[in-house]
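Below is one structure; the comments refer to it alone.
The values are calculated or read from the model by the stated rules, or taken from the named source; none is laboratory data. Quick caveat, the model's predicted, so the values are computed rather than measured. Ideal geometry is used to build each Cβ from the backbone, glycine not excepted, and the neighbour counts take in all protein chains shown.
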Ligand code: HEM
């Protein structure tokens, strides 16, 4: 770390332009000595903490300190306006980072549009007609390209936007390792295979998270991202009309909530009607998501099974987080860093895209 700063300072003294170009290229060989661990993860929960989450060679919080010190301010100013205008933007951007990281790592592959060489992940089952926020990312990228050309990656913009969105919605802040580079490929099949479906059982959810190096604490914690935003009727309809193939509703749904949902989500049609994931405070990042689950008012099967799934300690975690918002916030910060560290491209791998929608 010291070597990095000294080198960059010397360059800053030479010229600002040089320092910009060279400082970002420099971290290639940096190794903080914590090793790579399992794909994207580090085995145990919270293993990234204590060192500012920088336990990965090439990713560290001060990455843009010299090359684009205003990067986070630019991200935050765009977010501030966009979220004030429409609070749901925060939820959509938080989800974008998740859908990026679960498919070939946090490499902004999710942002690539269809082209001669790219089958866009935007057309996968989980993403089509569902993922949002791309225009906000475009605006951030355009501003960053003006301020610091070809310096801040789209993958880092997603990570910064997820953190900023959380903070601006009232949630926790965290120290964010940076230095991800952008992929030159996307994986439509990876997107169809690696993002869990809303009707998943608890063992399935655990398995999908484990494949990314995330554990059951991460699963419960990160599901708390559903404290903001909405879901379409088509994602929870099965629970209302035919949960187990017997034309009966999900018995774990609280009755009055069930009747309310039926009015938004009829048995036929209305697939794009929306309902808040946390109806008591849909734009506020807080722990009511967990309180609602305890009351049988989780919107998706994947939310409610954290309480009823009867595997591991997820039930206890839901209870702990509903009792103690501070505990949830601490864990959320840790698990977001862990998710953000899934298989990043660093060093000479990938590129810094000029436009997040296409490769250079
Ligand atoms: C545990 C497995 C998960 C499943 C099965 C799941 C599923 C879903 C579904 C089906 C929707 C609604 C999509 C639509 O109707 O178009 C949604 C929305 C959302 N998800 Fe998840 N999700 C999971 C985990 C996560 C994680 C880890 C995060 C972030 C940390 C997250 C953040 C969000 C947010 C913020 C929204 C609202 C988006 C908006 O309003 O635009 N989800 N999720």
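Side notes on the structure shown:
- Matching residues in the stretch 120-131 - criterion: being assigned to a loop (DSSP other than H, G, I, E, B), touching a helix residue (DSSP H, G or I) at 6+ places or on another chain (Cβ under 8 Å) and surrounded by fewer than 16 Cβ atoms within 10 Å (Cβ to Cβ): 125, 128
- Candidate set from the stretch 314-342 (those that are in contact (Cβ under 8 Å) with a residue 24 or more places away in the chain and away from the ligand (no atom under 16 Å from the Cβ)); member that is surrounded by the fewest Cβ atoms within 10 Å (Cβ to Cβ): 324
- Residue 189 passes every criterion in (1) more than 13 Å from the ligand (Cβ to nearest atom); (2) surrounded by fewer than 18 Cβ atoms within 10 Å (Cβ to Cβ); (3) assigned by TED's automatic domain parsing to the domain that holds residue 288 apart from (3).
- Taken together, 288, 314, 308 contain a single residue that is within 20 Å of the chain's Cα centre (by Cα) and farther than 15 Å from residue 237 by Cβ, which is 288.
- Qualifying residue in the stretch 142-150 (condition: in a helix (DSSP H, G or I), within 15 Å of the ligand (Cβ to nearest atom) and crowded, with 24+ Cβ neighbours inside 10 Å): no
- Any hit, the stretch 265-282, residues being crowded, with 19+ Cβ neighbours inside 10 Å, more than 30 Å from residue 349 (Cβ to Cβ), more than 21 Å from the chain's Cα centre (by Cα) and within 15 Å of the ligand (Cβ to nearest atom): yes
- Filter result for residue 155 (away from the ligand (no atom under 13 Å from the Cβ) and at pLDDT 95 or above): yes
- Members of the stretch 151-160 found to be out of contact with any strand residue (DSSP E or B) (no Cβ under 8 Å at 6 or more places or on another chain) and surrounded by 24 or more Cβ atoms within 10 Å (Cβ to Cβ), listed by number: 152, 157, 158
- Of residues in the stretch 213-242 being outside any helix (DSSP H, G or I) and near the ligand (Cβ under 10 Å from one of its atoms), the one farthest from the chain's Cα centre (by Cα): 236
- Those residues of the stretch 79-109 which are within 14 Å of the ligand (Cβ to nearest atom), assigned to a loop (DSSP other than H, G, I, E, B) and crowded, with 24+ Cβ neighbours inside 10 Å, in sequence order: 102, 103, 106
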